[in-house]
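Take a look at the structure set out below.
The values are calculated or read from the model by the stated rules, or taken from the named source; none is laboratory data. Owing to the predicted nature of the structure, the values given are computational and were not obtained by experimental measurement. For neighbour counting, all protein chains shown are included, and Cβ atoms are generated from backbone atoms with ideal geometry for every residue, glycine included. Side chains included, ligands, DNA and RNA excluded: accessible areas come from the protein's heavy atoms. Shrake-Rupley method; radii C 1.70, N 1.55, O 1.52, S 1.80 Å.
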Amino acid sequence: MELIQKLGRMPIMLVIPALAILLSVVGLPLLQLFLDSFNAPEFSIANYQAFFGKSGWPVLIQTITISLVVTAICLIVGYPLAYLIMATSKRLRTILIVLIVLPWLTSALVRTYAWTVILGDHGLINNLLLDLGVISSPLSLIYNRFGAYIGMVHIMLPTMILPLLSVMNGIDKSLMEAGRSMGARPFEAFWRIFVPLSLPGVRSGSLLVFVVCLGFYITPQALGGLREIMLATYIAETFRSTSNLPTIATSAFILLALAMLVLSIFGLDLSGPKASDASFVRTTWLNRLNPLRKVADRATNHHRSKRWTAELYQGARPKVWPRIIGGLYVALAMAFLQFPGLVIVVMSFSAGAFLEFPPAGFSLKWYYAVLGDPGWMGSFFTSLKLGVAVAILSTIIGTLAAYGIDRTSPRLRNILTMAILTPITAPVIVMGVAAYFGLLNLGLIGSTTGVVLAHSVGAIALVVVTVSATFANFDKQLERAALSMRANPLRTFVRVTLPLIRPGIIGGALFAFISSFDEVVVTSLVGGFSVYTLPLKMLENLKQQIDPTLAAVGSLLTLMPLLWLVALYLTWWRKRLTSQTSSLKEA
């Protein structure tokens, strides 16, 4: 009891378990890799000169180019989609957001596999065009830059849309109406009011997409072929083919430095300006882009004033075509997001011996084949055990860390938060290499314990994010009221704090489980040949053969996000029911 009371007075102590795992698994190895990249203790830049003088420089340029193009495509597609979703009714908006979250929670490996089936020489698109007589030979849609862009945009588009939705939801729509009442056309009100206020979402989404794309490994390799090598692939292949530690460390730190540079330039204040800050609209860079704006405004002021007088007190005319075009755009975007998963589910019921869409007949034989194969079932239970262990460990440690961080000073809180979130903001290949050397020092390479620790580094960060979001709306006066009623800190935490933050804890546990269950890059580096998970089995089959067995596995993994969403909904529904019951009793 005294120990708990002391911990309650020193919330920083609750963060120590998370920091200990972070430092021992990836923190200290990263420091060692940094020193090795400079040939410590002699210290030279020979490794960096060799990287930029040989094959490393073109790979780095190609990595940046692909990441920038994917980010730009996601922004061009995602911004109008997010705007149109926010303009729909509340019920339809909820459905559309669920349809965006669904592929976001689905395994990236499954989605990559789906695009190999759709874009292949004998894939769905080529077969359709050949049958219609549009083409005489298959188009080259895969194993090139185009295939890599399609797969990466499909995976990253939800990551762009979700921050945009979050920011657009907070914009006061009356500002647009005020602009319209002052004579601004709909597009002008949108461009001069809505767009500047939505820039924080543009920045957050673009930042997330670009940094994650820097570390892409599986998808560019599977859909882009051997020519579209990114730096993460270069590091992984160097890691497997040579024991030259300085070369690996140099490549990893260049990738990490690039990600940290982008984060430090654009990610210091992700909250951005508020809608209530009217000066932001006037001073935003969009208004300074065109030096002739003031001249054009003066020239059109007379016409705008005349039009404003004529249209004053007149109701807005219903516009049909914009609604039709907007609806078609949303439908096409949703089809792009959902079609790969739908193709996998349909083909998994194929009665044929090969992949075909639509199937000539329907059968469950590929599901029976998966359930009767010891290799598939063994890898599934291995992933299941790892996911449960990671979820339990990271939920306990992440919740304690989030509680401790919430009770520290603002300056220390920012430092601790940035340190714990590093594993999910840095490229995953860099974290995988660091975890390999960290677990090698601990003698845990190729062990289940080592894989659990390596997965938990990122999972703890996910739990801290979700639980901290719950603490943002937590009323601390409830804790003080319980303490004033002579409840000790442990009883206060169990009876007051824990029930109120339970949804965040459950959400964090689900995200931790999903991140571990779907992990393939870190597992392939630290698991060796003794920890064979389901994603590794799928990756091996994806390289060697493409048959409906893989589609059956992908179909089962596609259904998993539905179960998570149902679990989250039941948690929210139970909390709401409890709250309503308490209100009725008080009444």
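Tabulated results
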read-out	value
Solution diffusion estimate, µm²/s, Stokes-Einstein, the stretch 210-267, Kirkwood Rh from C-alpha pairs, 10 °C, viscosity 1.306 mPa s	130
Hydrodynamic radius (Kirkwood) for the stretch 177-254, which is based on Cα pairs only, to one decimal in Å	16.2
Nitroxide proxy distance, nm - points 7 Å out along Cα→Cβ at I392 and I324	6.0
Ranked by how many other beta carbons lie within 10 Å on average, peptides 16-22, 478-484 from highest	16-22, 478-484
Computed P(r) (all Cα pairs; the stretch 333-457; 10 Å bins; percent)	10, 22, 25, 23, 14, 4, 0
S350 long-range amide H proximity, modeled H, under 5 Å	S363
Rounded percent of accessible protein surface that carbon and sulfur make up, the stretch 356-451, 1.4 Å probe	70
Inverse of mean 1/r across different Cα pairs in the stretch 1-127, Kirkwood, Å	21.2
For the stretch 57-193, the spread of Cα positions along each principal axis, largest first, Å	58, 43, 30
Ranked packing of 374-380, 384-390, 210-216, 138-144, most packed first, by mean Cβ within 10 Å	210-216, 384-390, 138-144, 374-380
T425, T399, ranked by accessible area, largest first (probe 1.4 Å)	T425, T399
Virtual spin-label span in nm between I45 and L371, 7 Å along Cα→Cβ	6.3
FRET efficiency for A335 and D475, using Cβ-Cβ distance with R0 set to 41 Å, rounded to 0.05	0.40
The stretch 411-540 - accessible surface per residue (Å², probe 1.4 Å)	44
Estimated inter-spin distance, A360 and I16, nm [label 7 Å along Cα→Cβ]	6.8
Kyte-Doolittle at least 0.0, axis length at least 30 Å by Cα - qualifying DSSP helices, the chain	56-86, 145-169, 245-266, 320-347, 374-406, 448-472, 548-586
Listed residue (T470, S515, M538) projecting farthest to the positive dipole end of the stretch 462-576, Cβ model	T470
Residue-normalised accessible area of the stretch 1-115, expressed per residue, 1.4 Å probe, Å²	51
When the stretch 109-173 is reduced to its Cα atoms, the Kirkwood hydrodynamic radius in Å	13.9
Over the stretch 55-103, volume per residue of the alpha carbon convex hull, in Å³	63
The stretch 369-448-the stretch 192-235 distance, computed between alpha-carbon centres (Å)	23
Relative pair counts by distance (%), Cα atoms of the stretch 361-424, 5 Å bins	3, 14, 13, 14, 11, 9, 8, 7, 7, 6, 5, 2, 0
Selection from L208, S394, I61 lying farthest towards where the dipole of the chain points positive, charges on Cβ	L208
Per residue Cα convex hull volume in Å³ - calculated over the stretch 399-478	103
Estimated dipole of the chain in Debye, rounded to 20 [Cβ of Lys and Arg +1, of Asp and Glu -1, Cα centre]	2460
Cut-off under 5 Å, modelled amide H: who pairs with G528 long-range	G446
